[in-house]
Structure formats: structure tokens, C-alpha cells
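Everything below concerns the one structure shown next.
Just so it is clear, none of the values below were taken in a lab; they were calculated from the coordinates. In this text, all values refer to a predicted model and were calculated from it rather than measured experimentally. Positions of Cβ are backbone-derived with ideal geometry, glycine not excepted, and every protein chain shown enters the neighbour counts.
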Amino acid sequence: MKNCLPVLVLAWAGVAQAQSGEVWVTGGVSALANTNIGSTSQDGNSGDLSLDHGGYRIGLRFDYNSAGHLGHEVQYAFNHTGLNDPNGLLLTRGTSAGTAFNQFGYNLLYYFNATTDEKKIRPFVTAGFQVDDFVMPFDVVNRNNADSWRPGFNYGGGMKFKLSPMFAWRFDVRGYDTGKPNWSSLLYKQGALLQQFEASLGFGFYF
């Protein structure tokens, strides 16, 4: 047992050294599809209320990489878009207003280069799940149901570029499919999932 102890210590030290953590600040754009979110009336149309087709996003990502090809990522993003209400069903002034949704998620990353290779360029693919908190615009008739939480899943890929032993930058492209906000059953005829496409850049550091 005493002879095995130094071997185990060295093996554990090698694994610990190969593991790494990363913190990223990201920013980019979102393109939304299937943006009709329904109507306040059962007799209405699915397009009575809709979200804008585009917007911006800013966020944080925390990554933990294993000694092999896998990494784990926890993320948060603030996504800004707009709500369109041409018939005045919700908004008290005008036919459109800014709105947003907060996005919390977990992703599994697969690197094509093992983390032990210490490559300066690390392409990866990823898949995971998220929960979106859709915030009702302030300029509405009734704000009793101001938030609406909806689950979803995402998939995509990207690359990380090592600038130094501490700093790096990355880009990501991802697709998200998420349930649509209904603010506590306020909306009807919502249709299929909301689709979101992300293109973002990030700056981060290793620890």
C-alpha cells in the first residue's frame, strides 16, 4: 500500500492539473422565429401578439473542463427584444414595447481536442437545456402576472481561442427551442415552440 501511495498522488495531481475552470463575459445577437405568441381571447388569432424577430443578448458563462474531451457549462443571458400588439390587447400606449427574457441553462460541451493537449484553438459542439423567464413589458394593462417561466433545450457549437495562460476569447452559434410566454394562462392559440438563434463573442479567463 505504501508503494502505491506515491503513484496515486502523482496520478491525482495529473488529473487535477488537466482540469480547468473558465469564466466568460459574452455578447451577441439573437434571431427569433415562430414569434407569434397568441391572443388574449380564445376567439383571437395566434398573431395578435408577437415578439420581434431580432434583439441583442449579454451574458455570463462558467465552464468546468474534465481531463478528457468533456466540459460542463452553466450560463445566464439577458435577451432584449420587443412585443408587438397592433390591436391594443395588452399595451396601454402604442402598438409595441421593449421586453426581455432571462435565460438560465446548463450545457455539456464536447471538445474535439482533449483538454490535456493544451491546444490554442479548441472547437466544440454542445447541447443542453435552459429555462427562460419572460418579463412582461411595463406598459401593459395588468401586470399581476409579470413573469412567465418556460423550459427548453439548445444545441450548437463554437471555438475557444487561447490568448495567454490566463485569457481567451470564443465564439458560439446555438439554436434554442423554448416554450412561449403566456403569463399565467393569459394567452391562447400560441402554436409551436419559440425558436432562437444565437451568434455571440466572449472574453474569458482561466482559473
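Need the full-extension length gain, Ser185 to Leu108, defined as separation in residues times 0.36 nm minus the C-alpha distance. One decimal, nm.
24.5 nm
Using only Cα atoms, tell me the angle between helix 4-18 and the longest principal axis of the chain; keep it within 0 to 90° and round to the nearest 10.
Long axis of 4-18 versus the principal axis of the chain: about 40 degrees.
Using a Gaussian network model of the chain whose springs link C-alpha atoms within less than 10 Å, name the residue from Val140, Val131, Val29 with the highest mean-square fluctuation.
Val140
At q = 0.09, 0.15 Å⁻¹, work out log10 I(q)/I(0) for region 21-206 with the Debye formula, treating every Cα as an identical point scatterer and leaving solvent out; two decimals please.
Relative scattering, expressed as log10 I(q)/I(0), comes to -0.37, -0.83.
What does the helix-only formula give at 222 nm for the chain: each DSSP H stretch with n ≥ 4 adding -39500 (n - 2.57), the total divided by the residues, and the result rounded to the nearest 500 deg cm²/dmol?
Result for the chain: -2500 deg cm²/dmol, rounded to the nearest 500.
If R₀ is 25 angstrom, what is the calculated FRET efficiency for the pair His72 and Ser164, using the beta carbon separation as r and rounding to 0.05?
Approximately 0.60, to the nearest 0.05.
By the scheme Lys and Arg +1, Asp and Glu -1, what is the net charge of all other residues having a beta-carbon under 12 Å from that of Phe207?
-2
R0 = 25 Å: FRET efficiency of Ile121 with Ile58, Cβ-based, nearest 0.05?
0.50
Any chance you could check the Cα centroid distance between region 62-96 and region 142-196 for me, in angstrom?
5
Over region 21-206, what is the mean sequence separation of C-alpha contacts under 8 Å (at least six apart), divided by residue count, expressed as relative contact order in percent?
So the answer I get is 25 percent.
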